[in-house]
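K.L.:
The structure is given below, and queries will be raised subsequently.
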Amino acid sequence: MKRKMLWGSATASYQCEGAWDLDEKVESMWDRYLHENGLENGDVASDHYHHYEEDIRMMAEGGQNAYRFSLSWPRIIRDLEGNVNEKGLAFYDTLIDTCHRYHIEPFVTIYHWDLPQYLEDIGGWQNIETAYHFEKYCETVFRHFNGKVRFWSTFNEPKWFIFSGYMSGNYPPCHRNIPEVIRGSYNVMFASALGVRKFREMKTEGEIGLVASYQTIYGLDESTETLNAMRHADNYCNNWQVDTACLGEFPSDMVDKLKEQGYDLSFAKEEELQIIRENTVDFIGINYYSPMYIKPYTDGETLVKANNQGKNYKGDLRSVVKGWFEVANDDMKDIIPHNPWGMFVYPQGLYDALTRVSSYIKQPIYVTENGYGAYEEISNDIDDQYRIDYIREHIRYLLKAKEDGVDVNGYFVWSPFDLYSWKNGCEKRYGLVAVDFDNDCRRIPKHSYYWYKSNIENDFIDLRKEEKQMRNIVLVCNGGMSTSILANRIKELGGDGVEVNAYGEQEYSQHLKDADVVLIGPQIRYLIDDIRKRVGENVPVASIEPRVYGAMNAQKVLEMVDELLKDSK
Ligand code: NOJ
């Protein structure tokens, strides 16, 4: 099925709505935890509850055609008996109707971390009953909003709320207990499958997916130990969400590893696993911000650290998962650019994530979050060039992945406007539009807002053009005057045109490794078969006619490359 490309932005109920006790909303676990501990909270946040119309209008005026937001469970379901708060449903009716009025596709997350406190009181995600309560909540919202919403996701980032709640202990309920991490992860994936089952039983219109956090995994070297550690890290960060949702199975080597380490997994009942197997998702959402660098485990107990202090954080970020891997981000922090919270900026990680995921799942993919958190002064002219650079480079890689055949159908910037960033508070700003939290939450578009708008409107044509020119065009030739002129022209195109001496065999094989297209100089045409063999059948190879060789300008090179690539498709 041909899908319309969605270009939008994303929020979460607790982080933007405010109105924490308005219209009979009950307390969430975050309300309780932040109030009790006197921490900065989302009582008002961006006051989206009252500014939604302005926000959605700005999205539409900003060229966006989709809005990803979450429903607040404690706004909709009052208690353990499942009594419904009609006022909560009414708020989302208005929100969704407003989206439609502005031709914005609502992309709805059912759970984005704000568990009702009455469920935390019965054990929260440790209690399998919470999964059944989730199923009932799903039933309510599917019945009520059926026909108005085409894209649903059961959960946002199971990994982060479970691991932060039960491993790092920086989110409520602030435990540090590995068996609880395992149990919580299982219960959430089971709850998701129950939600998917309910969706289908009720013949709800549209599609249902899950949104996974994704950290692309890289190793410091290619040793077997590092590769093993990388696989463990991939299971830990990504696969238990993606594989379980898309393939219906927890990664079997991860399960074996847990058993080998003596964890008791007997709580997992065959009937539940059957439900997980039978209720895979229609699409997968990938939230990508940063990669993770890995080295083999050496020693020490499991310890996972998080920087919730931004530029004031003084410690290291050495994290260890006992027997699995160590996080090597500290080893890379002078090499890879990062924001003040230590999050690496590595756009190619998005390409690698998309191609990797699409190599083994059949579901379509949406990039459901990507964005840049920064400290920013509020003014009427916020020049957030770093955010533009971040978003542009990630979209470049998304478009490349799409061109290379990945079924990716949407991209959502986190976030349309500044909001409350959990333990990082409101000072970590992600918005395309600033929120002046001290002045009635006044909205002020930043430069990135206008950049996103004009690029959506022209279908990212400039990026696509640049991308075309960035192809790695390799010129194999035997030196000489006209050769170096041509090699320079290829370089001018922004490509990686290299002049390779055809007689230095070693050297030219090396260059061919990353070639997108190979051009061969006239005097060495006899090498064409050998070169074809080396690059494989997907990389077009052509020799240049002697009479045009020296006279080829940049335009001619590009035309030739385009022709070759077209024919090779
Ligand atoms: C992931 C989460 O879904 C969202 O709640 C969070 O604020 C952003 N990433 C930014 O860290």
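The values are calculated or read from the model by the stated rules, or taken from the named source; none is laboratory data. This structure is a prediction, so every number in the text was calculated from the model and none was measured. Note that we place each Cβ from the backbone using ideal geometry, even for glycine, and neighbour counts take in every protein chain shown. What goes into the accessible areas is simple: the full protein's heavy atoms, side chains included, and nothing from ligands, DNA or RNA. Shrake-Rupley method; radii C 1.70, N 1.55, O 1.52, S 1.80 Å.
K.L.:
For the range 412-427, enumerate the residues that are among the charged types (D, E, K, R) and either open to solvent by less than 10 Å² (accessible area, probe 1.4 Å) or free of Cβ contacts under 8 Å to residues at least 60 places away in the same chain (or both).
P.N.:
Correct list: Asp418 only.
K.L.:
Are any residues in the range 204-261 open to solvent by less than 20 Å² (accessible area, probe 1.4 Å), hydroxyl-bearing (Ser, Thr, Tyr) and in a helix (DSSP H, G or I), and if so, which ones?
P.N.:
Thr226, Tyr236, Thr244
K.L.:
Quick check, is Asn409 open to solvent by 10 Å² or more (accessible area, probe 1.4 Å) and among the polar types (S, T, N, Q)?
P.N.:
It is false that Asn409 is open to solvent by 10 Å² or more (accessible area, probe 1.4 Å) and among the polar types (S, T, N, Q).
K.L.:
Is it the case, given these coordinates, that Met29 is away from the ligand (no atom under 16 Å from the Cβ) and either surrounded by fewer than 17 Cβ atoms within 10 Å (Cβ to Cβ) or not β-branched (Val, Ile, Thr) (or both)?
P.N.:
no
K.L.:
Restricting to strands (runs of 3 or more DSSP E) lying wholly in the range 325-440: which have 1 or more residues that are within 16 Å of the ligand (Cβ to nearest atom) and at pLDDT 95 or above?
P.N.:
Passing ranges, in order: 365-369, 408-413, 433-436.
K.L.:
Does Tyr102 satisfy the condition of being open to solvent by less than 10 Å² (accessible area, probe 1.4 Å) and at pLDDT 95 or above?
P.N.:
no
K.L.:
For Tyr111, state whether it is within 16 Å of the ligand (Cβ to nearest atom), touching a strand residue (DSSP E or B) at 6+ places or on another chain (Cβ under 8 Å), within 20 Å of Asn156 (Cα to Cα) and open to solvent by 10 Å² or more (accessible area, probe 1.4 Å).
P.N.:
So Tyr111 fails the test.
K.L.:
Sticking with this structure for a sec: State the number of residues belonging to the range 290-322 that are of a type in the set (Gly, Ala, Ser) and open to solvent by 30 Å² or more (accessible area, probe 1.4 Å).
P.N.:
3
K.L.:
From the list Ser70, Ser9, Ser13, which one is surrounded by 21 or more Cβ atoms within 10 Å (Cβ to Cβ) and farther than 23 Å from Thr140 by Cα?
P.N.:
After ruling out the rest, the residue left standing is Ser9.
K.L.:
In the range 126-160, how many residues are more than 16 Å from the ligand (Cβ to nearest atom), open to solvent by less than 30 Å² (accessible area, probe 1.4 Å) and farther than 21 Å from Glu207 by Cα?
P.N.:
The total comes to 1.
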